[in-house]
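Okay, so here's the structure we're looking at.
The values are calculated or read from the model by the stated rules, or taken from the named source; none is laboratory data. This one's a predicted model, so the numbers in the text were calculated from it and none came from an experiment. Positions of Cβ are generated from backbone atoms using ideal geometry, with glycine treated the same way; all protein chains shown enter the neighbour counts. Just so you know, the surface numbers come from the protein's heavy atoms only, side chains and all, with ligands and any DNA or RNA stripped out. Shrake-Rupley method; radii C 1.70, N 1.55, O 1.52, S 1.80 Å.
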Amino acid sequence: MKYDARLPDESVNYSSEHPLMEFLKVGGSIVAILLILYFVLGWSIDLLIRYISPSFEQKIEHFIEPKLGLNNMKGISVFGEKFESCVNLPYQLHIKLSQSKEVNAYALPGGTIVINEGFLEQCKSENELFFVIGHELGHLKHRDHLRGLGRSLIGLSLAALVGPSEATNILSESIQFGESRFSQAQELAADRYGLAFLQCYYKHVGGATDFFERQKKNDYSKWFLFASHPELVERIKHIKEQIATNQYTKKTTIPFDPQAFISK
Amino acid sequence: MYNLIIFGVLLLVGYVVGQYLEGRHYKSIREREANLVHLPVTDLKRPLRQDDLIEGVCVGGSVVISVDYFKRFIAGLRNLIGGNVTTYETLIDRGRREAILRMKESAMDADEIINVRIETSSISKGSKNNRIGSVEVYAYGTALKYK
């Protein structure tokens, strides 16, 4: 056999397509699919949410309960005729105290509100506490936790199906980003509900913004687009606007005595 | 947010540096291939000539080439939707050609190299999410010297 010296044929083993074109094509189609999925999911969840009964919500809560150790937490007692008359929820409400030092409070599906010790320490008046309780009641009333759960659950299950990789990390980051924007609107709506609750309970809205004004001095959330609570300045402004629109009045607040509220 | 920015920067660096290094490597490959084209390399079991042989030596050339961040990201996206991972094609191509060149370079005074085989294996270092992926290509054969 005669040997014929030849250089390799370069056209066969790799595509001449430029990598950036590949990036645009693949990236673009994935972004398009994600956007479509996200909006379709959003609409369908909003449609379906009215069919989720309170008893089903409580079943969900039973999943979360053992993880958070809710049964071991002390209760916060605020109940009485005045309170019941201002609350309009289809299920039994529980308010618990968590030992966490983080300045936060949150609502769980099924009618549980958890308030952190860290928050109580910062609280100076009863009215502030009740505003926050009202705010969380707003979340429960609007079923915000279910909406947030629904969207991110579906998004994260998709990511879980595909398996961990840079692409799915970006996917979950983008969903989180979308979620935080969505929940900023929800937070403002919950603020409105909290204000109305305060007005119902005390017949005035004094103290609604006190806590936030104090926190404003410590606020760094300006820098974080992902923050689920909108910038404090925005929130204070919104609350003040609501007070003006609804012509609420402000009177003196009642100093806060934690022991009066914590039950054994 | 910061994560997205870091990710974007990594992609850009991976792309720019990766493309540059790949271009440079291909240039070197083509030059050396032109210089060594006179040395036959076949996968046949028999020598090309019927002449007497003085020497037969097993020779091999190996190379490890790593993937850049940009290529890995696109391959990850392909994981979702499927199709040709064209970004990896140049990687494998370079690996094979470089391995064969190094094999040739290790047998410079041979007349031909027969029974050439190529083996590829992937080398991964790091945890599940943070793998540093590289590919090792090893080309080996029998270098023959005629009288």
| query | For peptide B:76-84, how many partner chain Cβ atoms fall within 10 Å of a residue's Cβ, on average? | reply | 6
| said: Keeping all protein chains in place and using 1.4 angstrom, which order do B:Ser122, A:Ser263 fall into by accessible surface area, from largest down? | reply: B:Ser122, A:Ser263
| remark: Output ordering of A:96-108, A:195-207 (per-residue mean of other Cβ within 10 Å, highest first) is A:195-207, A:96-108
| task | Please give the residues of segment B:54-91, grouped as numeric ranges, whose backbone N is less than 12 Å from a label point set 7 Å along the Cα-to-Cβ vector of B:Ile123. | result | B:62-67
| Tell me, what ³J(HN,Hα) does each residue in segment B:30-47 have, in order and in whole Hz, if you take phi through Karplus 6.51 cos²θ - 1.76 cosθ + 1.60 with θ = phi - 60° and put x for Gly and Pro? | 5, 4, 5, 4, 4, 5, 9, 5, 6, 8, x, 10, 10, 9, 7, 7, 10, x
| query | Which whole-Hz couplings ³J(HN,Hα) result when phi for each residue of segment A:19-34 is put into the Karplus expression 6.51 cos²θ - 1.76 cosθ + 1.60, θ = phi - 60°, listed in order with x for Gly and Pro? | reply | x, 5, 4, 4, 4, 5, 5, 5, x, x, 5, 5, 4, 4, 4, 4
| request: List the relative contact order of chain B as a percent without decimals, with contacts defined as Cα pairs under 8 Å and 6+ residues apart. | output: 35
| Quick one: which bits of segment A:24-54 get at least 40 Å² less accessible when the partner protein chains are in, versus the chain alone, with a 1.4 Å probe? | A:Val26, A:Ile30
| request: Take each of the peptides A:11-21, B:88-98, average the number of other beta-carbon atoms within 10 Å over its residues, and list them starting from the highest. | output: B:88-98, A:11-21
| Accessible surface, chain B, averaged per residue in Å² (probe 1.4 Å) | 56
| remark: So, with points 7 Å from each Cα along the Cβ direction, the A:Thr245-B:Val16 label distance in nm works out to 4.8
| remark: Fraction of alpha-carbon pairs in segment B:3-115 farther than 23 Å apart, rounded to whole percent, equals 46
| remark: A 1.4 Å probe over the protein heavy atoms gives segment B:18-147 a carbon and sulfur accessible-area percentage of 49
| request: Provide the solvent-accessible area of A:Arg147, counting protein heavy atoms only and rolling a 1.4 Å probe, rounded to the nearest 10 Å². | output: 50
| said: Can you classify segment A:81-151 as rounded, prolate or oblate using the Cα gyration tensor, where a ≥ b ≥ c are the square roots of its eigenvalues, rounded means a/c under 1.5, and otherwise it's prolate if a/b beats b/c and oblate if not? | reply: oblate
| note | Amide H contacts under 5 Å for A:Ile254, restricted to residues at least 5 apart in sequence or on another chain and with H modeled in the peptide plane, are A:Glu126, A:Asn127
| Taking each residue of A:2-12 in turn, how many C-beta atoms of other protein chains fall within 10 Å of its C-beta, and what is the average? | 3
| If you stretched the chain out fully between A:His142 and A:Asn13, how much longer would it get, using 0.36 nm times the residue separation minus the C-alpha to C-alpha distance? | 40.6 nm
| note | Between chains B and A, the summed loss of accessible surface on complex formation, probed at 1.4 Å and reported to the nearest 100 square angstrom, is 3200
